[in-house]
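Below you'll find the structure, written out as structure tokens, and then a few comments.
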Amino acid sequence: MLACSMAIAFLGSTAVRTIQEMLLAAAAAAAVLSLHALLFMWFFNRNGSSGFSSSSTAEEVTRGVDASGLTAIVTGASSGIGTETARVLALRGVHVIMGVRNMASGREVKDAMVREIPAAKVDVMELDLSSLASVRKFASDFNSSGRPLNLLINNAGIMATPFMLSKDNIELQFATNHLGHFLLTNLLLDTMKKTARESDIEGRIVNVSSEFHRYPYPEGIRFDNINDQSGYKRFLAYGQSKLANVLHANELTRRFKVSSFL
């Protein structure tokens, strides 16, 4: 503002009035934008029929919930949303299995959780969603452990990476964000059904998607050109993988809507 005032001082009175009018107009426009921003924030932060909003925290949503006796797998639990999901589930008494690619990072997160929540039941298992072999090993190890499974939270993912192929020679974002979770879900379904029958508690499968699911390639999912490097657009490829997450969840819902298992 000091530099602006000094510049105006050397101009004629007409120019000063013109610039003052421009500044007033800009200030009015800024006020309108601020009002719009406040209305936007109010609209998206207002409580819905559930009593919560998009700004509600996991702790707020689960306050008063006793989930003791439930077991959950959370993929990508060593950072971000996955860590917070695992932490709050553990806080509410859930036995949490952290599926992580980096075991050292996973153990650090687990140790931090246990320090905060001494009674937390948390295990760490290696899981690389970009490798179908790793997914199969994780599922085999979990199923053979005899543990129940009530919740499967497919959270792990990568975003907008340069074109790369997975260990199975599939475009990396599609392989990691969708195919790995698709296979994992199928391999764990029998255990989830068995748990639901024996506990009489419906299971839940959660696919963490993104608003980017609205912005895939123009043709949607490029099933015949997944590995097309020449036409690869990293954000559209991300949107494609997130659309696949949504379609997967919708199909699971359709198949199990008449079932008491899920």
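Among the residues of region 168-217, write down those that are touching an Asp or Glu at 6+ places or on another chain (Cβ under 7 Å) and over 22 Å from Glu126 (Cβ atoms).
Scanning region 168-217 gives a single hit, Ala196.
Checking the conditions here, which among Phe223, Phe174 is of a type in the set (Phe, Trp, Tyr) and surrounded by 15 or more Cβ atoms within 10 Å (Cβ to Cβ)?
Phe174
Of Gly220, Gly180, Gly231, which residue is in contact with a Leu (Cβ under 8 Å, 6 or more places away or on another chain), assigned by TED's automatic domain parsing to the domain that holds Asp128 and more than 20 Å from Val100 (Cα to Cα)?
One residue alone meets the criteria, Gly220.
Here is a check on your reading of the model: is Pro118 in a loop (DSSP other than H, G, I, E, B) and closer than 28 Å to Thr195 by Cα?
Yes, satisfied.
Just checking, does region 157-167 include any residue being among the charged types (D, E, K, R) and more than 12 Å from Asp128 (Cα to Cα)?
no
State which residue is surrounded by the fewest Cβ atoms within 10 Å (Cβ to Cβ) when the search covers only region 73-98 and only residues that are in a strand (DSSP E or B) and without any contact (Cβ under 8 Å) to a residue 60 or more places away in the chain.
His95
All but one of (1) surrounded by 18 or more Cβ atoms within 10 Å (Cβ to Cβ); (2) touching a residue at least 40 places away in the same chain (Cβ under 8 Å); (3) of a type in the set (A, V, I, L, M, F, W, C); (4) over 30 Å from Gly69 (Cα atoms) hold for Leu243; state the number of the condition that does not hold.
So Leu243 meets the others, but not (2).
Confirm whether Ser54 is assigned by TED's automatic domain parsing to the domain that holds Leu184, touching a helix residue (DSSP H, G or I) at 6+ places or on another chain (Cβ under 6 Å) and either without any contact (Cβ under 8 Å) to a residue 40 or more places away in the chain or polar (S, T, N, Q) (or both).
Considered against the rule, which asks whether it is assigned by TED's automatic domain parsing to the domain that holds Leu184, touching a helix residue (DSSP H, G or I) at 6+ places or on another chain (Cβ under 6 Å) and either without any contact (Cβ under 8 Å) to a residue 40 or more places away in the chain or polar (S, T, N, Q) (or both), Ser54 comes out as no.
Quick check on this structure: which one of Glu202, Glu211 is at pLDDT below 95, at negative phi and touching a helix residue (DSSP H, G or I) at 6+ places or on another chain (Cβ under 7 Å)?
Glu202 is the lone residue from the list that is at pLDDT below 95, at negative phi and touching a helix residue (DSSP H, G or I) at 6+ places or on another chain (Cβ under 7 Å).
Filter region 121-164 down to the residues that are part of a loop (DSSP other than H, G, I, E, B) and of a type in the set (A, V, I, L, M) and list them by number.
Answer for region 121-164, where residues must be part of a loop (DSSP other than H, G, I, E, B) and of a type in the set (A, V, I, L, M): Leu127, Leu129, Leu149, Ala156, Ile158, Met159, Ala160, Met164.
Just to be sure, is Ser144 loosely packed, with under 15 Cβ neighbours inside 10 Å and either of a type in the set (Ser, Thr, Tyr) or closer than 22 Å to Gly69 by Cβ (or both)?
Spelling it out, Ser144 is indeed loosely packed, with under 15 Cβ neighbours inside 10 Å and either of a type in the set (Ser, Thr, Tyr) or closer than 22 Å to Gly69 by Cβ (or both).
The values are calculated or read from the model by the stated rules, or taken from the named source; none is laboratory data. All values derive from a computational prediction rather than experimental measurement. Note that we place each Cβ from the backbone using ideal geometry, even for glycine, and neighbour counts take in every protein chain shown.
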